[in-house]
Amino acid sequence: GSGSSYHNMGGFFGGVANAGDASAAFDAYLTAACAAPAAERRNRLLNWERAPFARACHPPGGEEHLLPLHVVAGAAYDDESGTKLWTEPDFFGRVTMSSWGFSM
C-alpha cells in the first residue's frame, strides 16, 4: 500500500484556490513516476517536491501521507512498476486523491 497523493486540509474544505487542478497535476506526476522504470521512478520520487503543485498538495508537515509511497516503491526495488490501486477524482468534492501499490 501507499500513502495518498493529496494531503492539504485547506484544499479539502475550500481554503485553497485551484486545489482540484493542482491535485490532478500532482496525481498525474505520481502515476507516471510509479509506472516508470526503476531508476526513473527512484529519481522522480526522490525529487517529488519539484513536481507540479507538490507543496500545494503536501504542505510542509503534510508529507506523512505521501511518504508511505516511497517506502513501498523502495521495497519493490527493481522488481515491478507501481499500479494505481485506488483513485477518487472528486474526493471531498474538490480534489483528486490516489494510492498505488507494488508487487514483489
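Please treat every number below as a calculation from the coordinates, not as lab data. All of these numbers come straight from a predicted model, not from anything done at the bench. Neighbour counts run over all protein chains shown; Cβ positions are idealised from the backbone, glycine included.
Order these peptides, 3-13, 36-46, by their mean beta-carbon neighbour count within 10 angstrom, highest first. Before the final figure, lay out the partial values.
On the way: 3-13: 19.5, 36-46: 14.5.
Sorting 3-13, 36-46 by mean packing, highest first, produces 3-13, 36-46.
Using just the helices of the chain, give the 222 nm mean residue ellipticity in deg cm²/dmol: DSSP H runs with n ≥ 4 each add -39,500 (n - 2.57), and the total is spread over all residues, rounded to 500. Show your work: numbers first, answer last.
Values: 5 runs with 44 residues, N = 104.
Here the helix-only value at 222 nm equals -12000 deg cm²/dmol.
Modelled label-to-label distance, R50 and L67, 7 Å Cα→beta-carbon offset: nm?
Modelled inter-label distance: 2.2 nm.
Over the C-alpha atoms of the chain, what are the Rg and the largest Cα-to-Cα span, Dmax, in Å?
12.9, 40
Compute the angle between helix 19-35 and the longest alpha-carbon principal axis of the chain, please, reported from 0 to 90 degrees and rounded to the nearest 10.
0
With an 8 Å cut-off on Cα pairs and a minimum separation of 6 or more residues, tell me the relative contact order of the chain in percent.
Values: 192 pairs, mean separation 45.2, N = 104.
Relative contact order, the chain: 43 percent.
Relative to the Cα centre, what is the charge dipole magnitude of the stretch 37-83, using +1 at the beta carbon of each Lys and Arg, -1 at the beta carbon of each Asp and Glu, and rounding to the nearest 20 debye? List each step's numbers first, then the result.
Numbers: 5 positive and 7 negative charges, 45 e Å.
About 220 debye.
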